[in-house]
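Comments concern the structure below.
The values are calculated or read from the model by the stated rules, or taken from the named source; none is laboratory data. Predicted model, so just to flag it, every value in this text is computed and none were measured. Neighbour counts run over all protein chains shown; Cβ positions are idealised from the backbone, glycine included. Note: accessible area is taken over every heavy atom of the protein model, side chains too, but ligands, DNA and RNA are not part of it. Shrake-Rupley method; radii C 1.70, N 1.55, O 1.52, S 1.80 Å.
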Amino acid sequence: QPDDRGLIGDVPVLRVTRRGPETVHFVQAALEPGAEVLLSLDWERRFDHMQQHSGQHLITAIAEQMFGFKTTSWELGRQRSVIELDTPSMTAEQIEALERSVNEKIRERVPVMVRELAADDPEIETVRSRGLPDDHVGPVRVVDIEGIDSNMCCGTHVSNLSDLQVIKLLGTEKGKKNKTNLVFLAGNRVLKSIEQSHSTEKALTSLLKNGPGEHVEAVKRLQSSVKLLQKNNLNLLRDIAVLIAQDFKSKPVQSQLFVLHRKEGDSEFMNIIANEIGTEETLLFLTVGDEKEAGLFLLAGPVEAVENLGPRVAELLGGKGAGKRGRFQGKATKMSRRGEVQALLQEFISHRSPEV
């Protein structure tokens, strides 16, 4: 269970831990020894932990009674909690029956009590436990859910199951080594989850222009439309790439340097242009993506020129790349420096020998 928070006087407590029998508080500022202070507890945090921890005890006990599923570990998370059960799987019917049973116990208002036993008390042998810490000293603390469970525990708990309000089992996830993780919410976390779900539902109703029962079908239709649009867009980009290359090749005098940027393009778009133009004589510098931020680049042309210029182009664009056989391509983080790359390529062309 996570530790408590609060104030010692007006000094915030950042963390609480245990070292043997001693409790250690980590605070933001030094405290005056012997000073009288008011301790203030973050009750919302404490009560949340009480609800989740007592909820775990109840779920663990009922799961073992109903199905023989033993709890091997658990985690009290910030938003949800998880119980690791020693079973490879749980059916939907078992989850439903378990949820129904634990909530029946909550409605029965079963008391929860805390006892302290001496370390050598023989009753300890009858109490469910994962064992004591090696540095434990003093009495042993036992938490009893009347008629349901008796468990060795050092955590904070509610005094009656009715304080749990409700438990919701969210389902299971595959655990490690043939075990199952059961995810749950207890008490106020259930209310917060419902409020969040309701807010999401209202937002979707406004965006999708239909009722909650039609949200899934509406999203499926949107996904289908997006996939079709993406397919059409890719086809159009391919056609545009071919047309750009044909337009360049149709000119009476072809430039030794071809530079093009298109925000909506991709790697295939650039490679189609390079394939269509051919790179035996022309040096191509192609970029796609955001004009001032990140994107992709392709340098294509005579092999020796590309091998020489490729790493320098990548460095100027703040990116990384690799290449072979007259192609050097990669990712860029500084697309705003495309002008500097173009100047570098223009200077190279103006000075290169006819053999290159």
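For the reader, a short list of remarks on this structure follows.
- Modelled spin labels at Asn271 and Glu291, positioned 7 Å past Cα toward Cβ, are 2.8 nm from each other.
- Asn210-Asp121 FRET efficiency (beta carbon distance; Förster radius 51 Å; 0.05 resolution): 0.20
- Taking the C-alpha atoms only, the angle from helix 43-67 to the longest principal axis of the chain is near 80 degrees.
- With R₀ fixed at 45 Å, the C-beta to C-beta distance from Arg130 to Arg325 puts the FRET efficiency at about 0.15.
- Amide H to amide H distances under 5 Å link Leu257 with Leu283, where only residues 5 or more positions off or on other chains count and H is placed in the peptide plane.
- Extending 7 Å from Cα along the Cβ direction at Glu264 and again at Glu44 yields two label points whose distance is 4.7 nm.
- Note on segment 134-288: with neighbouring protein chains present and a 1.4 Å probe, carbon and sulfur make up 53 percent of its accessible heavy-atom surface.
- Under the Karplus curve 6.51 cos²θ - 1.76 cosθ + 1.60, θ = phi - 60°, whole-Hz ³J(HN,Hα) for segment 94-107, x wherever Gly or Pro sits: 5, 4, 5, 5, 5, 4, 4, 5, 5, 6, 4, 5, 5, 5
- For Val110, the accessible surface of its heavy atoms amounts to roughly 20 Å² (probe 1.4 Å, protein chains only, rounded to the nearest 10).
- In segment 208-305, the chymotrypsin sites (Phe, Trp or Tyr not before Pro) that fall in loop regions by DSSP, at most 16 other Cβ within 10 Å: none
- Scanning the chain for GluC sites (Glu not before Pro) in DSSP loops with at most 16 neighbouring Cβ atoms within 10 Å leaves 147-263 as the longest stretch between them.
- Interchain or long-range residues, amide H under 5 Å from Gly6's placed H: Val13, Asp42
- Mean separation of Cα contacts under 8 Å, 6 or more apart, over the residue count of segment 139-255: relative contact order %: 11 percent
- Per-pair calculated FRET efficiency, R0 = 30 Å: Val137 and Leu31 via Cβ, rounded to 0.05: 0.70
- Residue of Ile124, Ile194, Ile240 that the Gaussian network model of the chain assigns the largest fluctuation, springs spanning Cα pairs under 10 Å: Ile240
- Cβ-defined net charge surrounding Glu276, 12 Å radius [Lys, Arg +1; Asp, Glu -1]: 0
- Converting phi to 3J(HN,Hα) with the Karplus coefficients 6.51, -1.76 and 1.60 and the offset θ = phi - 60°, segment 211-219 yields x, x, x, 9, 4, 4, 5, 5, 5 Hz in sequence order, with x at every glycine or proline.
- Here Ser162 sits with roughly 40 square angstrom of accessible surface, probe radius 1.4 Å.
- Estimated distance in nm for a label pair at Ser101 and Glu347, the labels positioned 7 Å out from Cα along Cα-to-Cβ: 7.8 nm
- Between helix 338-351 and the chain there is an angle of about 30 degrees, using the helix long axis and the longest principal axis of the Cα atoms.
- Angle in degrees between helix 303-316 and the longest Cα principal axis of the chain, rounded to the nearest 10: 50 degrees
- Relative contact order for the chain: 10 percent, from Cα pairs under 8 Å spaced at least 6 residues apart, divided by residue count.
- Shape of segment 209-356, Cα gyration tensor, a/c cut at 1.5: prolate
- Residues in segment 90-131 average 68 Å² of solvent-accessible surface per residue, probe 1.4 Å, ligands and nucleic acids excluded.
- Between Arg19 and Thr72, the contour length at 0.36 nm per residue exceeds the Cα-Cα span by 16.6 nm.
- Among the listed pairs Lys227/Lys251; Lys231/Lys334; Lys174/Lys331; Lys176/Lys220; Lys70/Lys174, those whose Cα-Cα separation exceeds 26 Å are Lys227/Lys251; Lys231/Lys334; Lys174/Lys331; Lys176/Lys220.
- Average Cα contact separation per residue, segment 46-204, under 8 Å, 6 or more apart, as relative contact order %: 31 percent
- Distant-in-sequence amide H partners of Asn160 (H built 1.01 Å from N, under 5 Å): Val112
- Prolate/oblate/rounded label for segment 96-183 (Cα gyration tensor, a/c 1.5): oblate
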